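Data first, discussion second: the structure below is written as structure tokens.
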Amino acid sequence: MKLSVLWLSGFAFSALLVGGYAFGNPGAQVPRDLTQSEERRSGTNNAHLPLGLPPLPDTVQWPTKAAVELGKRLFFDRRLSFNNTLSCAMCHLQENAFASNQSAKAVGFEGRTLQRNAPSLLNVAYQKWLFHDGRENHIEWQVWLPLLSPVEMANPSIGSVIERVRHLDDYIAVFEKTYPEEGLTPNTLGHALAAYEITLVSGNSRFDKWRFGNDDGAMSAQEKAGFALFVGKAGCSNCHHIGEQTALFTDMQFHNTGIGYKAMVDPVSSYKVELAKGVFIDVPSSDVERYSEKPINDIGRFAVTLKEEDRWAYKTPTLRDVSKTGPYMHDGSLATLKEVVNYYNGGGYANEGLSGRLAPLNLSAREIEALVAFLKTLDGELSYWETSTNQGVESPAAIADDGPVVLRPPGERE
Amino acid sequence: MLARWARVACVATGLLSAMGAPTIADETCNSPFTSALVTGQEQFMHIWTLGMPGLGDESDKLVTVDVDPKSPNYGKVIDSTSVGGRGEAHHTGFTDDRRYLWAGRLDDNKIFIFDLADPAKPVLHKTITNFVEKTGYVGPHTFYALPGRIAIQALSNAKDHSGETGIAIYTNSGEFVSKHDMPTGKMGGDGYGYDIGINPDQNVMLTSSFTGWTNYMMDLGTLVKDKEAMKNFGSSMAIWDFKAMTPKKVFNVPGAPLEIRWSLKPGDDWALTATALTSKLWLVHKDEKGEWQAKDVATVGDPSKIPLPVDISIASSRKHLWVNTFMDGTTRLFDISDIHAPKQVYSKKIGNQVNMVSQSWDGKRVYFTTSLLANWDMKGDKNDQFLIAYDWDGKELKERFKLDFIKQKLGRAHHMKFSAKPQSAAIGGTLETYRSLTN
């Protein structure tokens, strides 16, 4: 199988975007190349992005091997949290496409319930806005939110994180080697973690082969029917965009689909609880209250922009690898893709701010099946660098080569 | 393997008794390899207590209470040793010589080894901080004495915080020896772990299964509402060849089977467990053909209300079993003289919640504590946290004292272990020797 090779160019990423910025002009932020080397800058040419993915946005620097290896170690290192319990990878599980199937909302420091579901980090390099509410806008800065959040990795300060890393193994030597000018600083820590995350690209799905690779046999008739619905009757691609040559399945915008509003107003009188496989009981919510913490309210994008139209609006997620990233939506409230399609079929939970692009779809049972089948064709090949036994801390000796990272399809090693 | 342990243990016990050092204690649920059973009056109670934000020093601590009715300090806290921070303090276990009490934390995986040379004043002797590094497991839960060794049943793993886990063996002095994954694959196991119970006569070890870090750390209400998370509970028990440390058979026991109690009577070949979610008592026994089997023998409370049976305590007479149900804060006494048909004969509400139960060897004194897991305990003013002591006269539980752990600024009261000064109590040797003396 041959991968299509896309050369990185000065592709104007913002051209993909519709609409304005909510604050400032973060799109203009191009962080310094902290590895300070011209070849490395141009080394981006070696990025073999899988079929179906557009060039990376200008704001993202294609990383060097050294930075990626270092970032990978950091990403899997549980000692980066205050009590040595949570690494980035404990909430973004590699086996779950860097999301987590284990719970609707992520579980953090000392078991605290996070406000939201942990999203997949596959293709995160393309994200214009980070988090479901888009409150962060650069992947190198994003790392500080989980590192410092008292409910996530719970470090008390930036300085304490730097001190912590300084005292672990020989990170310091690796930082000095990777970033000769700067060594270990908040900037380089963010750069290294981001470097690893940028390599988590996934494409070349059956859909990509069919749509962009002229492989007619890559999808079944039912799946093709599902695609026709996705871009047609069901109107999904109005928000989950599909381009001419590539597709990210997102418009990078925020919409009120009613999920957040529903969670706020919808009174639940009882919960159907599975006690053991196939054994269900109904538990009255008054019972559950006795041992429930107070649920955290969530007003979506509104909390960031304070614009009324952003009330209960959330980012349109990419749908790549979506079969592996359940439970779905910002709060993990829908367990299966079928539940998601059924939800859309009903037109979304009615509320004042509900997106005008949603309306009852009148899909038949067969159409629903087809749409779900189509969504399952979006499982990509995780062509991240070194397909990996990514269990964390590797010897720094392995990080000798400081050339740019080259992506390989799974199974094929350098 | 066992033979070597046994030799080591004999030497160790000999040495220690020569020095007069070991602390004696009992509990009908201790490992049969634990020496020096207290068959008389227990003197001290050690309670592994979870720190609570906003309360006292907010840290996990080992609290020691004087439980000798003849003492002027009866029912009072006589010692409290903080270990720093909150790491989900949970269970404890003695080494076979009873000199040391190992106390684990399920969140940050630290293991604290307390020296009980003077049981009135436990001293933190050693802290193991590399359990995860050595084993890959997370959540050191059950500490079970083996000759010269301690077996630690974990609940989770460092790869994904799911329920797949195993058992680690350490020496009494705290060195890692080996690790043994819970059965999966062809055997039918789900890889989950919870408790260990060994029957040396039968050369079998029985294990049960709970859930991984993500679930046991999660707010209980959030968990009950989370359909995906509710799928991640154990539904198996495994019987192992103990000497070989290899699993022989896996039983399907749905709904998270937890504490394991073997009958302490010589020749008996059965154990009981309770399933937390499905509210059943399960019997694991040898059938007529000599095959190990598991079957459900009784229902605990009204399963549709999820009473959540948690700790159970078997009487040394093997005629009775205390079963606590967390959600309704009730303890229930089951008559188990017909082990195939246990019957509830008594119940009493202990508080808004109740978790652990420990009884004296003669069954005349019964103690309860309240905390299950920091984020599973009731919220607000329903969050009772106490140690309560009762006398049991065969008909009624009569309160002796109650220590409010919140008023005392201590925290959430969890696992209890008894101890006594070496020279003071009726020492019956190991359970093995006790058996040979009394039967």
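The values are calculated or read from the model by the stated rules, or taken from the named source; none is laboratory data. Keep in mind that what you see is a predicted model, and the values were worked out from it rather than measured. Here the Cβ positions follow ideal geometry from the backbone for every residue, glycine too, while neighbour counts run over all protein chains shown. With ligands, DNA and RNA removed, areas are computed over all heavy atoms of the protein, side chains included. Shrake-Rupley method; radii C 1.70, N 1.55, O 1.52, S 1.80 Å.
Net charge dipole, the protein assembly as shown: roughly 1440 debye, given to the nearest 20, about the Cα centre with Cβ charges of +1 for Lys and Arg and -1 for Asp and Glu. The order of B:Asp391, B:Asp362 by accessible area, most exposed first and with a 1.4 Å probe, is B:Asp362, B:Asp391. Are any of the pairs B:Lys249/B:Lys319; B:Lys134/B:Lys265; B:Lys179/B:Lys248 more than 26 Å apart by Cα-Cα distance, and if so, which? Beyond 26 Å: B:Lys249/B:Lys319; B:Lys134/B:Lys265. From largest to smallest, the equivalent ellipsoid semi-axes obtained for segment A:240-329 from the alpha-carbon gyration tensor read 32, 21, 9 Å. Is segment A:88-166 rounded, prolate or oblate when judged by the Cα gyration tensor, a ≥ b ≥ c being the square roots of its eigenvalues, rounded requiring a/c under 1.5 and prolate requiring a/b larger than b/c? It is oblate, given that a/c is not under 1.5 and a/b is not larger than b/c. Of the chymotrypsin sites (Phe, Trp or Tyr not before Pro) found in segment B:237-267, not one falls in a DSSP loop while having at most 14 other beta-carbon atoms within 10 Å.
Summary of the geometry: segment B:336-401 and segment B:196-224, compared by the centres of their Cα atoms, lie 20 Å apart.
Counting only protein chains, not ligands or nucleic acids, how are A:Glu152, A:Glu176 ordered by accessible area (probe 1.4 Å), most first?
Working: A:Glu152 50, A:Glu176 105 Å².
I get A:Glu176, A:Glu152, largest accessible area first.
When you filter the GluC sites (Glu not before Pro) in segment B:132-234 for DSSP loop state and at most 13 other Cβ atoms inside 10 Å of their Cβ, you are left with B:Glu175.
Per-residue mean of other chain beta-carbon atoms within 10 angstrom of the beta-carbon, peptide A:89-96? Before the final figure, lay out each step's value.
Numbers: counts 4, 7, 2, 0, 4, 2, 3, 1.
If you average over the peptide's residues, the count of other-chain Cβ atoms is 3.
When the pairs B:Lys286/B:Lys364; B:Lys295/B:Lys398; B:Lys280/B:Lys379; B:Lys348/B:Lys402; A:Lys105/B:Lys159 are compared against a 23 Å limit on Cα-Cα distance, B:Lys286/B:Lys364; B:Lys295/B:Lys398; B:Lys280/B:Lys379 fall above it. A simple spin-label model places the labels of A:Ala221 and B:Asp287 5.0 nm from each other, with each point 7 Å out along Cα-to-Cβ.
How would you classify segment A:173-287 from its alpha-carbon gyration tensor, with a ≥ b ≥ c the square roots of the eigenvalues: rounded for a/c under 1.5, else prolate if a/b is greater than b/c, otherwise oblate? Don't jump to the answer; show the numbers that get you there.
Numbers: a/c = 2.18, a/b = 1.20, b/c = 1.81.
Since a/c reaches 1.5 but b/c is at least a/b, the shape of segment A:173-287 is classed as oblate.
Solvent-accessible surface (1.4 Å probe) assigned to B:Asp302 amounts to roughly 70 Å².
With Cα atoms as the point set, the radius of gyration and Dmax of segment B:234-280 evaluate to 11.9, 33 Å. Within segment B:247-354, the GluC sites (Glu not before Pro) that combine a DSSP coil assignment with at most 12 other C-beta atoms in a 10 angstrom radius are B:Glu288, B:Glu291. Probing with 1.4 Å while keeping every protein chain in the model, the per residue accessible area of the protein assembly as shown equals 37 Å².
Semi-axes of the equivalent ellipsoid for segment B:2-438, computed as √(5λ) from the eigenvalues of its C-alpha gyration tensor and ordered from largest down, come to 27, 26, 23 Å. Of the whole protein surface, B:Tyr390 contributes about 10 Å² of accessible area at a 1.4 Å probe radius.
For the protein assembly as shown, the calculated P(r) over all alpha carbon pairs, in 10 Å bins from 0 to the bin holding the longest distance, is 2, 12, 21, 22, 18, 13, 8, 3, 0 percent. Take A:Arg290: with every protein chain present and a 1.4 Å probe, its accessible area is about 70 Å².
Sequence gap at least 6, Cα distance under 8 Å: using those rules, report the relative contact order of chain B to the nearest whole percent.
Details: 1268 pairs, mean separation 73.7, N = 439.
That works out to 17 percent.
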